[in-house]
Structure formats: C-alpha cells, structure tokens
Amino acid sequence: MRLIDERTGLEVLDRHECLKLLAADHIGRVAVVDGGRPLVLPVNYVLDGESVLFRTAPGTKFDLAVRGANVAFEIDAADPLYHTGWSVLGNGLAEEVTDPAELARIADLPLRPWAAGEKPHVVRVRLEQLNGRRIVHVAEGLDEPAEAAE
C-alpha cells in the first residue's frame, strides 16, 4: 500500500524501495560542506549492501572521506512529459576503504571511473538515514502526457 504525504501529495518511499532505486542507477551526487559552504559533486557509484561506494582522486571528496565527514547522497529521475519523477536522499559518514581484503572484494564490483585520470581511493558512505519521494498523479485522467503550454 502506498503512503501519501498529505501535505505534499508525494508518495513516501520506504527504505527497501529507496535501496532498489539506488541499486538500479549508477550516477548520483555527493553533497558536502566545504569551508562552511555546501558543495554538490557528481559521482558514478555502486550500491554495496546498504552503502554507496565511489572512487575518487585526492581532493575535496577524498579529504572529507578521510576526516569521516557526514555527507548526503542523492539520486533522482524525472519525466517532464508525464510530470512524474522520484528522488532518493541518504545521509551517512564517508570513509575511505583501506582494508586489502575489502578492496579485493570491491574490485569485483562494477565500479569503474568514468572520468579520465587515476581514481585510486574507494570511499564508502554508510546510509544511516535514507528516504525517498515519488510524484504521483492524484487526479484521474492524468495518465496521458500533459499538453504543452502554448
């Protein structure tokens, strides 16, 4: 049974559905605070259990992971033709994976850098909090694409 937020009219996604959506995608955004300012960075990732893994080079993402920073991780999809979409947002601590046995196991996962250059560090975000929302049609007859504004 779908749970609809009465205030927003959005479907509230449970943790299981959020994990399912995370597992089906491979591009997301990591949000961090750098120098007191929010910074959102795109990453390609893989879901490993209930953690997000991504590779990175030394720099902002890596520096925050080494410090064990609390980060946000987000993915979404939208269909402007049908006015539908969803969003999944997780929060957790970022940490560098350094255990050789764990790195060997991760090497078998489909986690390959898309951008050029060495990405020698693996960062894990353990998703402590995870929630999602989906736009649903609340009125009958909205199964067809919306008419374009003239």
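Rule-based calculations on the coordinates, nothing more; no lab input. Note that this is a predicted model, so its numbers are computed, not measured. Reconstructed Cβ throughout: ideal geometry from the backbone, glycine too, with neighbour counts over all protein chains shown.
Here is how the numbers come out for the structure above:
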read-out	value
Dipole magnitude of the chain about its Cα centre (Cβ charges: Lys, Arg +1; Asp, Glu -1), debye to nearest 20	660 debye
At most 12 other Cβ within 10 Å, DSSP loop - trypsin sites (Lys or Arg not before Pro), the range 1-66	ARG2, ARG7
Angle between the chain longest axis and helix 15-24 axis [Cα atoms, degrees, rounded to 10]	70 degrees
Residue-count net charge about GLY68 - beta-carbon cut-off 12 Å; Lys, Arg +1, Asp, Glu -1	0
Compactness of the range 8-150 as Cα Rg over 2.2 N^0.38 Å, two decimals	1.20
Candidates GLY35, GLY92, GLY117: whichever shows maximal mean-square fluctuation once the chain is modelled as a Gaussian network with Cα springs under 10 Å	GLY35
GluC sites (Glu not before Pro) within the range 3-35: DSSP coil, no more than 11 neighbouring Cβ in 10 Å	GLU6
Choice from ALA77, ALA101, ALA69 with maximal GNM fluctuation in the chain (Cα, 10 Å cutoff)	ALA101
The range 2-62 shape via C-alpha gyration tensor axes, a/c threshold 1.5	oblate
